[in-house]
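Coordinate-derived values only; no laboratory data. Owing to the predicted nature of the structure, the values given are computational and were not obtained by experimental measurement. Methodologically, a virtual Cβ is constructed for each residue, glycine included, from the backbone with ideal geometry; neighbour enumeration extends over all protein chains shown.
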Amino acid sequence: MVYEEIGLKIIEVIGMWIKCSDRLPSLHEKVLCVNDDGEIWVAYMLDDLHGGYEFCEPLDYCYIGKVTHWMPLPELPKEEL
């Protein structure tokens, strides 16, 4: 997903990415993440069978590759849609 497609300007998100090597999100917490192919996903983190972790896409429960960075999702709108 390209930021402009969802109405965000790249300047709004610079510096908000968290390196997975610095800190990981809580298990099952939906986050915005980027993999080593530069693809951006909404995903959540699971324990894998080998004592590590993996990120999965919530709709298809598919492995999305090696995630390098993540950030919390923004808050939902306060007003009714």
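Worth a mention:
- Here the peptides 31-37, 20-26, 74-80 are ranked by packing, the mean other Cβ count within 10 Å, and the order with the highest first is 31-37, 20-26, 74-80.
- Remark: spin-label model distance His28-Leu73 equals 1.5 nm, labels positioned 7 Å along the Cα→Cβ axis.
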